Amino acid sequence: MDTESVRVLAGYDRRDAWALEQLLADSVSEANVDVPSDTGTVQGIAVDWVGSAWRQTQDTRWAVTTLAHLGETDPEFDLGLFIGLDDEWSGSWGRLDADLKQAAKQELARLLHGDDHGASSTH
């Protein structure tokens with residue numbers, strides 16, 4: 001449905017979480033649709049969105065950080081692996097940057113292809 005909020009949302013800065021949340025709420029309200037409430041569906045929508053952006057930009061660091069943030073803010077999401085990757089990346093400990101980026105790409109690809117073992121909680 002093409003509404004004013006949807007048009008604004010389409011071109012908005014994806015890094016402005018508060019404004020995006022408000023625009024999403026406005027878009028849903030304007031479209032008069034029901035928002036899914038079960039964790040699996042909501043996580044699927046979030047992962048699809050991150051995956052779509054990652055495929056376009058190949059910004060692996062952003063994708064890992066975003067998934068880690070989602071996992072930290074909604075503990076019911078099964079994204080613990082990405083919390084660990086983000087922690088390792090942010091802390092500059094563990095694997096070399098190139099190795100960490102490659103591991104992150106593999107986990108993102110596994111998650112986006114529906115393998116439940118790709119983002120299992122380990123932390």
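Name the residue that is farthest from GLY44 (Cα to Cα), counting only residues in the range 79-91 that are surrounded by fewer than 18 Cβ atoms within 10 Å (Cβ to Cβ) and acidic (Asp, Glu).
GLU88
Kindly provide the set of residues from the range 80-97 that are of a type in the set (S, T, N, Q) and outside any loop (DSSP other than H, G, I, E, B), ordered by number.
SER90
Please determine whether any residue of the range 65-84 is within 12 Å of the chain's Cα centre (by Cα), more than 24 Å from ASP38 (Cβ to Cβ) and modelled with pLDDT of 90 or more.
yes
TRP54: under 25 Å from LEU24 (Cβ atoms) and of a type in the set (Phe, Trp, Tyr), yes or no?
yes
Taking TRP62 as the residue in question, decide whether it is closer than 23 Å to ALA10 by Cα and either at pLDDT below 90 or open to solvent by less than 80 Å² (accessible area, probe 1.4 Å) (or both). Walk me through it before giving the result.
Working: closer than 23 Å to ALA10 by Cα: yes; either at pLDDT below 90 or open to solvent by less than 80 Å² (accessible area, probe 1.4 Å) (or both): yes.
So TRP62 passes the test.
Going residue by residue through the range 26-40, is there one that turns out to be surrounded by 13 or more Cβ atoms within 10 Å (Cβ to Cβ), touching a Leu at 6+ places or on another chain (Cβ under 8 Å) and in contact (Cβ under 8 Å) with a residue 60 or more places away in the chain?
For the range 26-40, residues surrounded by 13 or more Cβ atoms within 10 Å (Cβ to Cβ), touching a Leu at 6+ places or on another chain (Cβ under 8 Å) and in contact (Cβ under 8 Å) with a residue 60 or more places away in the chain: absent.
Residues in the range 1-16 that are in contact (Cβ under 8 Å) with a residue 24 or more places away in the chain, of a type in the set (A, V, I, L, M, F, W, C) and open to solvent by 60 Å² or more (accessible area, probe 1.4 Å): how many?
So the count comes out to 1.
The values are calculated or read from the model by the stated rules, or taken from the named source; none is laboratory data. Owing to the predicted nature of the structure, the values given are computational and were not obtained by experimental measurement. All Cβ positions, glycine included, derive from the backbone under ideal geometry; neighbour counts span all protein chains shown. SASA here: full protein model, heavy atoms, side chains in, ligands and nucleic acids out. Shrake-Rupley method; radii C 1.70, N 1.55, O 1.52, S 1.80 Å.
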